[in-house]
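Following: one structure in structure tokens, then a few remarks.
Every number in this text was worked out from the coordinates using simple rules, so none of it is lab data. These numbers come from a predicted model, not from an experiment. Here the Cβ positions follow ideal geometry from the backbone for every residue, glycine too, while neighbour counts run over all protein chains shown.
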Amino acid sequence: MIVITGASKGLGAAIAERLKSKDKIVVGLARDTSQMTIDNVACDISSYMAVKNAVREIKKRGECLEAVINAAGVASMNMAVTTNEKTVQHLIQTNLIGTIYCCQLFAPLMLRQKYGSFINFSTVAVALALKGESVYAASKAGVETFSRTFAREMADFNVRVNCIAPGPIRTDLLRGITEEQINNIVSQQIVPRGFGKPDICDLVELLLDDKSASLSGQVLNVGGI
């Protein structure tokens, strides 16, 4: 079984559909599950108790937990001095703390079976230090550091932890971002082309495959930095 957060739309939904098409048992987590067509559990990952309850629900299914893919996230493209307190807290609580909650609370299911994989999501905004994305990048930089350190903590139990840092992908996260801004970000990457959800789904499949068994604690910047 593979658990995917943020699976109701965007990148999370695309990953869920790809893995489901490969006959994987997929359970999606999202705040609003009303439009979801896959097996799902309602969960706001920014809430510790909500994640804990979701773990209980998923444990009842009795399936081996192969992976947790933390695709849920929020973005806000503003200069730090114009980002209000509520937005700062929302970014940190969802992107960083939500990812930590999902990792620490789902981990015991993998520790018992001594097998599993976590895939977390960052952004090239961290490595490129993109102007106007300081708070968003800070929340994702925390995800990168957590992922590298968590990988070391999980290594003795044969549980891998990796992080994908995509460039711009046309999802709801890019609402309000102009074409010029998107092109400016892409132009700073080694491979200066836009990347879509299929590219990321391919990478997720690789990280779930035994062919990548030696990869853990890595941050993979899609497009290069």
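Think of it as helices only: each DSSP H run of n ≥ 4 in the chain is worth -39500 (n - 2.57), and spread over all residues that comes to -13000 deg cm²/dmol at 222 nm. Of the complete DSSP H runs in the chain, those spanning 18 angstrom or more by Cα along the long axis with a mean Kyte-Doolittle score not below -0.5 are 98-113, 134-154. Under the convention that each Lys and Arg Cβ holds +1 and each Asp and Glu Cβ holds -1, the size of the dipole of region 1-89 around its Cα centre is about 140 debye. Building the convex hull from the alpha-carbon atoms of region 8-58 and averaging its projection over directions returns 3.5 nm². Hey, with R₀ at 45 Å, roughly what FRET efficiency would ASP39 and VAL81 work out to, going by the Cβ-Cβ distance, to 0.05? After rounding to 0.05, the efficiency reads 0.55. Placing a pseudo-label 7 Å from each Cα along the Cα-to-Cβ vector at LYS114 and ASP209 gives an inter-label distance of 2.7 nm. With each label modelled as a point 7 angstrom along the Cα→C-beta vector, the ASP23-GLU63 pair spans 1.4 nm. Pairs on different chains or at least eight residues apart, Cα atoms closer than 21 Å: how many lysine pairs in the chain fit? Close lysine pairs under the 21 Å cut-off: 25.
Only Cα pairs under 8 Å and at least 6 apart count here; give the relative contact order of the chain as a rounded whole percent. The normalised contact order for the chain reaches 19 percent. Its Cα gyration tensor gives the chain an equivalent ellipsoid, and the semi-axes of that ellipsoid, as √(5λ) in whole Å with the largest first, are 27, 19, 17.
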